[in-house]
């Protein structure tokens, strides 16, 4: 079974994202208002969507940590996938809204140049969000939490958007200093670039979440590892087929093994039982194993077809 440490650590990572993004929204929102920067206001809105995204991920991890019950015999692991899907939708909607705001600002005449606070806020956001990305990504990979990894990339998209805002604000200020009015339009154009970053990230996250919800095939490296573990069990001569599907932090495995055709039903069942116990013991993420036993010739060993 997946340990409580895994869930506690993952939820701590999500909570950190919520707290950091609250602070960034206050800093960037204030800087955007006082400086009159459309790009910074757009970036602040992105960070606001990060708060919701991190909260949804936290709730999904908490739900996934609940044990199986009568209504959910396979556990609640897919709550993490559902959380990732919700995050993706929120990200896409935020990106579209930012694009609308930036496009409208692009055609607004005689806007004041963004003030210096917006420039410093954008630089601060780039640094903080990159640190948050690395922190969240490391926890997500170590704990094999796909929802948290998705949340980490959402943080990085915010860092990219802050880079775009930084360039746009600097360009607009340079336009005023150098008396180059065309440079002023870099600010709302940067907002449009932020929008594109966010929508692209949301689309990718939605595709990954949908793939898991539709029981996509697990990575070949995992299937090869599980096959190798099954072949370690005495009495297993061949692996005829193996499938695994993710349910949040868990994997459900369907396996067809070949055993000596001269074994009795009881003996074949005993081999399957030992295979199941071995997989559950060696792979913490595997919480369910369904095994079908096929008869084969004793002289054939290894994977079928090799």
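The values are calculated or read from the model by the stated rules, or taken from the named source; none is laboratory data. This is a predicted model, so every value here is computed, not measured. No Cβ is skipped: glycine too gets one built from the backbone with ideal geometry, and neighbour counts run over all protein chains shown.
Here are the numbers for this structure:
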{"item": "Criterion: part of a helix (DSSP H, G or I), at pLDDT 90 or above and either closer than 27 Å to residue 73 by Cα or not assigned by TED's automatic domain parsing to the domain that holds residue 64 (or both) - qualifying residue of 256, 212, 277", "result": "277"}
{"item": "Failed item in (1) in contact with a strand residue (DSSP E or B) (Cβ under 9 Å, 6 or more places away or on another chain); (2) within 26 Å of residue 205 (Cα to Cα), with residue 68 passing the rest", "result": "(2)"}
{"item": "Filtered residues of the range 110-150 (kept if more than 30 Å from residue 179 (Cβ to Cβ), crowded, with 24+ Cβ neighbours inside 10 Å and modelled with pLDDT of 80 or more)", "result": "129, 132, 136, 148"}
{"item": "Residues satisfying the stated conditions in the range 143-193, i.e. assigned to a helix (DSSP H, G or I) and free of Cβ contacts under 8 Å to residues at least 24 places away in the same chain", "result": "149, 152, 167, 171, 174, 177, 181, 182, 183, 186"}
{"item": "Residue within the range 34-47 that is assigned to a helix (DSSP H, G or I), modelled with pLDDT of 80 or more and within 15 Å of the chain's Cα centre (by Cα) present", "result": "no"}
{"item": "Filter pass, residue 75 being crowded, with 18+ Cβ neighbours inside 10 Å and out of contact with any helix residue (DSSP H, G or I) (no Cβ under 7 Å at 6 or more places or on another chain)", "result": "yes"}
{"item": "Identity of the residue in the range 280-306, assigned to a loop (DSSP other than H, G, I, E, B) and either within 30 Å of the chain's Cα centre (by Cα) or modelled with pLDDT of 90 or more (or both), that ends up nearest to residue 228 (Cα to Cα)", "result": "283"}
